[in-house]
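Below is one structure, written out as structure tokens; the observations come after it.
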Amino acid sequence: MDKERIIEDLFQKYNSYIYHFLVYYTQSTDVEDLVQECFLKALKGIQHFEGKADPKTWLVSIARRVAIDHHRRKKRLLYLPENILPLIPSNQLHLEEYLIQKEEIQQIYKAINEMKRKDREVLILRGIMDLSVLETAEVLGWTKNKVNVTLHRALKKLQIQSKEWKEERDYGIQ
């Protein structure tokens, strides 16, 4: 099979996954150009892909580098727009519960965006994109142990932050 056909097949299979990864990673929904750039780089580098890694992790590695390059060019951090936050249909929750949950989700995304890059990356890959430890290690070029330790520490930071938000909310502290 020629390399264009291989990339077409990978695009059909992983296009949506890479798109969502880049949305979380860049904190922007305007990532179509980055997705396209990712698959163009994959096309150019397909001869170097030996098949030792899962094609998904190979593509996520490329997408991550594309996003880092994009961030370096822009030199600014964008926050997740509200319209990509998971919204729960209002008929499932009372309005007050819904607003509290939505606020908590926004606080979590904000906290993730304010974390060090390594913490943010591991939380996105493991916690949001649901990659395995091995896949995350391959994408980041880390050991499995470093992924586990970094994830544990990042989750601990989120847990502490979450406890502080709840105390502030419950006691009306601003």
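The values are calculated or read from the model by the stated rules, or taken from the named source; none is laboratory data. Predicted model, so just to flag it, every value in this text is computed and none were measured. A quick note on method: Cβ atoms are made from the backbone with ideal geometry, for glycine too, and the neighbour counts reach across all protein chains shown.
Structural remarks
- Residue within segment 125-139 that is without any contact (Cβ under 8 Å) to a residue 24 or more places away in the chain, outside the structural domain of Ser16 (by TED's automatic domain parsing), within 13 Å of the chain's Cα centre (by Cα) and surrounded by 15 or more Cβ atoms within 10 Å (Cβ to Cβ) present: yes
- Just so you know, in segment 1-12 the residues that are touching a residue at least 24 places away in the same chain (Cβ under 8 Å) and surrounded by fewer than 16 Cβ atoms within 10 Å (Cβ to Cβ) include one that is nearest to Arg120 (Cα to Cα), and it is Ile6.
- Screening Asn15 with (1) over 15 Å from the mean Cα position of the chain (by Cα); (2) farther than 23 Å from Asn113 by Cα gives one miss only, at (1).
- Residue count for segment 142-154, restricted to those that are part of a helix (DSSP H, G or I) and either free of Cβ contacts under 8 Å to residues at least 24 places away in the same chain or in contact with a Gly (Cβ under 8 Å, 6 or more places away or on another chain) (or both): 7
- Qualifying residue in segment 55-76 (condition: modelled with pLDDT of 90 or more, over 14 Å from the mean Cα position of the chain (by Cα) and farther than 26 Å from Leu155 by Cα): yes
- Restricting segment 14-49 to residues that are in contact (Cβ under 8 Å) with a residue 12 or more places away in the chain and over 20 Å from Ile124 (Cα atoms), the residue that is surrounded by the most Cβ atoms within 10 Å (Cβ to Cβ): Ala42
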